[in-house]
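Participant: I'd like to ask some things about the structure below.
The values are calculated or read from the model by the stated rules, or taken from the named source; none is laboratory data. Being a predicted model, the structure only gives us computed values, none of them experimental. Cβ sites come from the backbone with ideal geometry, for glycine too, and all protein chains shown count toward neighbours. Just so you know, the surface numbers come from the protein's heavy atoms only, side chains and all, with ligands and any DNA or RNA stripped out. Shrake-Rupley method; radii C 1.70, N 1.55, O 1.52, S 1.80 Å.
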Amino acid sequence: MPRPPSASVNLESVPGADRSVIGDGGLNARAAMQAMITWASSMTRREDLLRRSDFPLADDMLAFLVMNQLAYRGLARPTELADAVHTGRSNLSKVIRRLEEAGLVGRMPNPEDGRETMIGMTLQGRSVASRIVAASDDDLGAAVAHWSDEDLTRFEELLVRLVRDLDDQMDGGVRRVAGVSWEPSAARWDPSRSADSSAS
């Protein structure tokens, strides 16, 4: 027996239906983080970066997302990449094959466990990944161009502290999922510097 269509709830009778659940709807630290995460992971933003970075597989968003992950990870296990780009292992295998055919990625044994395969970027792939990072840094650099060195340094210190404290609270969950090195960086973040120099 088919289900009857569900009736739509008229929100005019729901108190507070027009308000957010968090805070007063204004921009505080929590709302600002949500805005950044939503914007950065939006399809509009991803398509813009894909286009501006002149990504060689122009209609392959999953391949673009894998290359973006490799830009931060260097080498990665296929399971880590599948989790990071929200796809299954079998679908990721097809994406990796397309990236290999384009000359952007290759495979090697895991230095810590030779039975396991790792995915990494070729020289051509590193060049493409550098263009992706540079396109993103162009936007960030313009946004903070008027910030003082002290503001940039303090922002970086607090953001790194937040991520480390959150990771501690989550028993290492942030580190496992993020894939970035957890060692302190020798260089201060400088969004105005092109990523091209870091890819060589």
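Participant: For V105, enumerate residues with amide H under 5 Å from its amide H, sequence gap 5+ or separate chain, H modeled in the peptide plane.
Facilitator: When sequence neighbours closer than 5 places are left aside, the close amide H contacts are E100, T122.
Participant: Sticking with this one: Hey, what do the phi angles of segment 167-180 turn into as Karplus ³J(HN,Hα) couplings, whole Hz, using 6.51/-1.76/1.60 and θ = phi - 60°, x for Gly and Pro?
Facilitator: For segment 167-180, the Karplus-derived couplings read 4, 4, 5, 9, 6, x, x, 5, 4, 4, 7, 5, x, 7 Hz, x marking Gly and Pro.
Participant: Right, another one. Once label points are set 7 Å from the Cα along Cα→Cβ at both S148 and Y72, what is their separation, rounded to one decimal in nm?
Facilitator: A separation of 3.0 nm, rounded to one decimal place.
Participant: Let me ask something else about it. From the phi angles alone, apply the Karplus equation (6.51, -1.76, 1.60; θ = phi - 60°) to segment 108-123 and give each ³J(HN,Hα) in whole Hz, x where the residue is Gly or Pro.
Facilitator: 3J(HN,Hα) across segment 108-123, in whole Hz: 7, x, 5, x, 8, 8, x, 7, 9, 8, 10, 9, x, 8, 7, 4.
Participant: Another question about this same structure. Can you pull the one-decimal nm distance between simple spin-label points at I22 and R107, each 7 Å off the Cα toward Cβ?
Facilitator: 4.1
Participant: Another question about this same structure. Find the relative contact order for the chain and round it to a whole percent, using C-alpha pairs within less than 8 Å whose residues are 6+ positions apart. List each step's numbers first, then the result.
Facilitator: Working: 165 pairs, mean separation 40.3, N = 200.
Taking the mean separation of contacting Cα pairs over the length of the chain, I get 20 percent.
Participant: Does the chain come out rounded, prolate or oblate, given a ≥ b ≥ c as the square roots of the eigenvalues of its C-alpha gyration tensor, rounded meaning a/c under 1.5 and, failing that, prolate meaning a/b above b/c? Before the final figure, lay out each step's value.
Facilitator: On the way: a/c = 1.73, a/b = 1.23, b/c = 1.41.
Because a/c hits 1.5 or more and a/b fails to exceed b/c, the chain counts as oblate.
Participant: Next up: Provide R77, R98, R19, R115 ordered by accessible surface of protein heavy atoms (probe 1.4 Å), highest first. It would help to have the intermediate numbers written out before the result.
Facilitator: On the way: R77 70, R98 90, R19 170, R115 210 Å².
Putting R77, R98, R19, R115 in descending order of accessible area: R115, R19, R98, R77.
Participant: If each DSSP helix of 4+ residues adds -39,500 (n - 2.57) and the sum is divided by the residues in the chain, what number results at 222 nm, nearest 500 deg cm²/dmol? Write out the running numbers ahead of the final one.
Facilitator: Values: 8 runs with 103 residues, N = 200.
The per-residue figure over the chain is -16500 deg cm²/dmol.
Participant: Once you put a point 7 Å from the Cα of E157 and another 7 Å from the Cα of D138, both along the Cβ direction, what distance in nm separates them?
Facilitator: 3.3
Participant: Looking at the chain as a GNM with Cα springs under 10 Å, which of L62, L162, L70 has the largest mean-square fluctuation?
Facilitator: Of L62, L162, L70, the most mobile in the Gaussian network model is L162.
Participant: Sticking with this structure for a sec: Need one word for segment 107-200: rounded, prolate or oblate. Basis is the Cα gyration tensor (sqrt eigenvalues a ≥ b ≥ c); a/c below 1.5 gives rounded, then a/b vs b/c decides.
Facilitator: Values: a/c = 2.81, a/b = 1.26, b/c = 2.24.
Oblate, since a/c reaches 1.5 and b/c is not below a/b.
Participant: Here's a follow-up. Calculate one ³J(HN,Hα) per residue across segment 135-145 by plugging θ = phi - 60° into the Karplus curve 6.51 cos²θ - 1.76 cosθ + 1.60, and present them in order as whole Hz with x for glycine and proline.
Facilitator: 5, 5, 5, 4, 5, 5, x, 5, 5, 10, 4
Participant: Find how much the distance from V177 to M61 grows on full extension, using 0.36 nm per residue of separation minus their present alpha carbon separation; answer in nm with one decimal. Could you put the intermediate results ahead of the total?
Facilitator: On the way: separation 116, 0.36 × 116 = 41.76 nm, distance 2.00 nm.
Length difference between fully extended and current span is 39.8 nm.
Participant: Based on the Cβ-Cβ distance of K94 and T122, what FRET efficiency does E = 1/(1 + (r/R0)^6) give at R0 = 22 Å, to the nearest 0.05? If you can, show how the numbers build up before the last one.
Facilitator: Numbers: r = 19 Å, r/R0 = 0.84.
Efficiency for this residue pair is about 0.75.
Participant: Hey, can you grab everything whose amide H is under 5 Å from the amide H of M118? Only 5+ residues off in sequence or another chain; H modelled, so Pro and N-termini drop out.
Facilitator: Residues meeting the amide H criterion: M108, N110.
Participant: With a ≥ b ≥ c taken as the square roots of the eigenvalues of the C-alpha gyration tensor of segment 1-88, please select rounded if a/c is under 1.5 and otherwise prolate if a/b is larger than b/c or oblate if it is not?
Facilitator: Numbers: a/c = 2.50, a/b = 1.64, b/c = 1.52.
Judged from the Cα gyration tensor, segment 1-88 comes out prolate (a/c at least 1.5, a/b above b/c).
Participant: Calculated FRET efficiency, E47 and S13, Cβ-Cβ r, R0 35 Å, to nearest 0.05?
Facilitator: Working: r = 39 Å, r/R0 = 1.11.
Result of the calculation: an efficiency of 0.35.
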